[in-house]
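This report refers to the structure that appears directly beneath it.
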Amino acid sequence: MNSFTFNHIALSVKDVDQSITFYQKVFNLKEIKNTASSSKTRWLSLGEGKELHLIPRPKDEIKISKAVHFALNTTNIERFVLHLEQLNIKYFNWVDEPNKIYVRNDGVKQVYFKDPNGYWVEVNDAK
């Protein structure tokens, strides 16, 4: 059987420039070269060879549920929540209570918020 590692996540976005700005402000991600094509798709590095690909689809309808999300972790979720508040980004816990950190049964703290296209992003403090 083959072994696999995570490579990238790709999101369809209405405005790629707006999405690049959002992810750079929220996560301080560095834009990297799209080596796959000369399209308007733009890539951001998530570190350790992992990438976020933002694919412009200005005319497509984007349907999203909170159950469809990606998660990043941080060592200090309280400091990250302050960062979200400074950026005026609304965040929620898993049960949709605004401005609350959710604590899972295993003790991991997490928050959820939406990007400019409505995609849910989770940030947690899992080790």
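Numbers for the structure displayed
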quantity	calculated
Count - residues of segment 73-119 that are open to solvent by less than 30 Å² (accessible area, probe 1.4 Å) and part of a strand (DSSP E or B)	4
In segment 6-36, residue nearest to I64 (Cα to Cα) [restricted to those that are free of Cβ contacts under 8 Å to residues at least 24 places away in the same chain, open to solvent by 60 Å² or more (accessible area, probe 1.4 Å) and in a loop (DSSP other than H, G, I, E, B)]	N28
Odd one out for R42 among (1) surrounded by 14 or more Cβ atoms within 10 Å (Cβ to Cβ); (2) closer than 15 Å to K114 by Cβ; (3) not hydroxyl-bearing (S, T, Y)	(2)
Extreme residue, least open to solvent (accessible area, probe 1.4 Å), among residues of segment 45-60 that are free of Cβ contacts under 8 Å to residues at least 12 places away in the same chain and either in a strand (DSSP E or B) or over 20 Å from I9 (Cβ atoms) (or both)	G47
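The values are calculated or read from the model by the stated rules, or taken from the named source; none is laboratory data. Bear in mind the structure is a predicted one, so any value in this text is a computation, not a measurement. In this analysis, Cβ positions are derived from the backbone assuming ideal geometry, glycine residues included, and neighbour counts consider all displayed protein chains. Surface accessibility is based on the protein's heavy atoms, side chains included, excluding ligands, DNA and RNA. Shrake-Rupley method; radii C 1.70, N 1.55, O 1.52, S 1.80 Å.
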